[in-house]
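Undergrad: I'd like to ask you about the structure that follows.
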Amino acid sequence: MIEVLLVEDDPFTREMMMTTLRSMGYHAAMASNGQQAIEFLQNEKAEVILMDVDMPVMNGIEATRQIKKEGIDSIVIMLTAFGDEKAMEEAAEAGADDYLTKPVEMRALKARIELAKKARTFHVARSKLLIENKMLIGVKEEEINACIEENYSLSAELLYRLSLAAEFRDDDTYEHTRRVGRNAAMIAQYIGKDAEYIYLLTQAAPLHDIGKIGISDTILLKPGSLDNDEFETMKTHTIIGKKILNGSQTKILQLAESIAYSHHERWDGSGYPQGLQGESIPLEGRIVCIADSMDAMFSKRPYKGKMPPKKVKEELQKNRGLQFDPTMVDAVLEHWEEIADMYHAEAGG
C-alpha cells in the first residue's frame, strides 16, 4: 500500500509535488489522469489521493465518483482552483472528502494528508466493526453488548475527531471545540432544557465550524484582517458545514447540521447566511452563538489576547438583543461567577 497517489496532468506541477511528497517522507505514486488513477487502484491501495479537477481522458470529478462507487476506501482530497465554488460543490457530490486550493501551500499539505490518513483509519475500523457485528448472531449476549459498546465508543471518537478537523488548521490547542460544547451544555441547562437535549448539544456543538475545512488556507490562516471579498468567502463555511452534515439519520448530526448553518445568525437579523431574526433562529444556533463568542473572548488567539472577565461581561451586556438572544445573556450573567471561575481555573490562575 502507498500513502499518497497524486493525480495531476501538468508535468511540471506533478514532478514538483512528487518531489515535495517524497521529501516529506511519503511513499507516493503518480498518475496523469483519472483513468490512470483508477487502473492503478485496481492493483494497489492508496491511503490518500490528491486529485486534480481538470484533466484529459477522465477528469477528477468523474474519477472520484468512480472510486467511491467501487467502494475504494482511499480518502480523496480534491485540488481545486481558488474560488471555484462550482468545482468544490461537484466534488462534494461526487464523494470527495476534503479540498485543497491551488496553488497548494506546502506547509498545510502535510497536515491535511496526516489528517486524511487518520480519518481513513477510523473509517476502515468502523466498517470492519459493523461487518463483524452482523456476523455475531448466536454469540453470547454479553459479547454482543461488548461489541455495541465498542462501536459506540468508536462513533463517539469519530465525532470528536471530526470536530477537530477544522480546528486542526487554525487552533494549535484543539481545545476550542471542546469548550464550545461544554459552554453550550451549560447554557442549555441554565434555560431548563432536558437531559437528552443537553447531551445531544454537547456532542453536536463542537462541529459548529466543520465547514472551515472548505475554506482556503490563504484566508483561514491570514494573520491580519480579511478584506470584504475574503470575509464573504469565509462566511460560506456555514453553507459548507451544512452540506457536510446534511442527510444524516442520527439526532446528533441533525442537530450539528442546524448549528453549523445557524450559529452566525444574530438576534437583530444582521447575521448570516440567511439573516434570520429573533426566535426564527433555531434554539441550538442561538445557544452556540453565545457559547462560541464567549469562549473566543476568553481565549488567546494569534491576532488578539484574552479579555478579562469584566470586559467579556460588558461585551455580552452590550450585545444583548443585538447579536445574542436576551434570554441567553440573562442566563449566562445569572451564573457569571461560576463561568468566570471556571475559565480562571483553566488558565491556571
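The values are calculated or read from the model by the stated rules, or taken from the named source; none is laboratory data. Just so it is clear, the model here is predicted, and its values are computed rather than measured. No Cβ is skipped: glycine too gets one built from the backbone with ideal geometry, and neighbour counts run over all protein chains shown. The accessibility values were calculated without ligands, DNA or RNA, using every heavy atom of the protein model including side chains. Shrake-Rupley method; radii C 1.70, N 1.55, O 1.52, S 1.80 Å.
Undergrad: Would you tally the residues in segment 1-14 being surrounded by fewer than 13 Cβ atoms within 10 Å (Cβ to Cβ) and not aliphatic (A, V, I, L, M)?
TA: Here the count works out to 2.
Undergrad: Just the residues that are surrounded by 14 or more Cβ atoms within 10 Å (Cβ to Cβ), farther than 17 Å from I72 by Cβ and of a type in the set (D, E), please, taken from segment 86-110.
TA: E89, E90, E105
Undergrad: Also: For residues in segment 204-227 being assigned to a helix (DSSP H, G or I) and modelled with pLDDT of 85 or more, which is farthest from K300 (Cα to Cα)?
TA: A204
Undergrad: Can you pull out the residues in segment 42-70 that are open to solvent by 60 Å² or more (accessible area, probe 1.4 Å) and either among the polar types (S, T, N, Q) or closer than 20 Å to D97 by Cβ (or both)?
TA: Hits for segment 42-70 are Q42, N43, E44, K45, D54, N59, E62, R65, K68, K69, E70.
Undergrad: Of all residues in segment 245-263, count the ones that are modelled with pLDDT under 90 and buried (at least 23 other Cβ atoms within 10 Å of the Cβ).
TA: So the answer is 1.
Undergrad: Okay, moving on. For segment 230-250, does any single residue satisfy the condition of being within 23 Å of N319 (Cβ to Cβ), of a type in the set (D, E, K, R) and out of contact with any strand residue (DSSP E or B) (no Cβ under 8 Å at 6 or more places or on another chain)?
TA: Within segment 230-250 (the criterion being within 23 Å of N319 (Cβ to Cβ), of a type in the set (D, E, K, R) and out of contact with any strand residue (DSSP E or B) (no Cβ under 8 Å at 6 or more places or on another chain)), the answer is yes, since at least one residue qualifies.
Undergrad: Do the conditions hold for E39, that is, is it without any contact (Cβ under 8 Å) to a residue 60 or more places away in the chain, open to solvent by 80 Å² or more (accessible area, probe 1.4 Å), more than 26 Å from the chain's Cα centre (by Cα) and more than 30 Å from M234 (Cβ to Cβ)?
TA: yes
Undergrad: Now a separate question. Which number in (1) farther than 23 Å from G95 by Cβ; (2) buried (at least 21 other Cβ atoms within 10 Å of the Cβ); (3) among the β-branched types (V, I, T) marks the one condition that T20 misses?
TA: (2)
Undergrad: Report yes if some residue within segment 237-244 is at pLDDT 85 or above and not in a helix (DSSP H, G or I); otherwise report no.
TA: No; the residues of segment 237-244 include none that is at pLDDT 85 or above and not in a helix (DSSP H, G or I).
Undergrad: Could you please let me know if G285 is touching a residue at least 12 places away in the same chain (Cβ under 8 Å) and of a type in the set (G, A, S)?
TA: yes
Undergrad: Sticking with this one: Does any residue in segment 88-106 that is farther than 17 Å from M18 by Cβ and among the aromatic types (F, W, Y) come within less than 6 Å, Cβ to Cβ, of a residue that is buried (at least 18 other Cβ atoms within 10 Å of the Cβ) and at pLDDT 75 or above six or more places away or on a different chain, and which pairs are these?
TA: Pairs found: Y99/M78; Y99/T80; Y99/M88; Y99/G214.
Undergrad: Among the residues of segment 241-262, count how many are more than 14 Å from the chain's Cα centre (by Cα) and free of Cβ contacts under 8 Å to residues at least 24 places away in the same chain.
TA: Looking only at that region, the number is 5.
Undergrad: Please tell me if I281 is more than 21 Å from the chain's Cα centre (by Cα), buried (at least 17 other Cβ atoms within 10 Å of the Cβ) and closer than 28 Å to M88 by Cα.
TA: Yes.
Undergrad: Now for a different question. Take Y272 and decide whether it is touching a Ser or Thr at 6+ places or on another chain (Cβ under 7 Å), open to solvent by 30 Å² or more (accessible area, probe 1.4 Å) and either over 29 Å from A116 (Cα atoms) or assigned to a loop (DSSP other than H, G, I, E, B) (or both).
TA: Against the criterion (touching a Ser or Thr at 6+ places or on another chain (Cβ under 7 Å), open to solvent by 30 Å² or more (accessible area, probe 1.4 Å) and either over 29 Å from A116 (Cα atoms) or assigned to a loop (DSSP other than H, G, I, E, B) (or both)), Y272 qualifies.
Undergrad: Is it true that some residue in segment 168-182 is among the basic types (K, R), crowded, with 21+ Cβ neighbours inside 10 Å and either more than 26 Å from I77 (Cα to Cα) or at pLDDT 85 or above (or both)?
TA: yes
Undergrad: If you don't mind, there's one more thing I want to ask. Among the residues of segment 291-301, are any assigned to a loop (DSSP other than H, G, I, E, B), at pLDDT 95 or above and touching a helix residue (DSSP H, G or I) at 6+ places or on another chain (Cβ under 9 Å)?
TA: No - not one qualifying residue is present in segment 291-301.
Undergrad: Checking the structure you have, find out if any residue of segment 217-229 is of a type in the set (D, E) and surrounded by fewer than 16 Cβ atoms within 10 Å (Cβ to Cβ).
TA: yes
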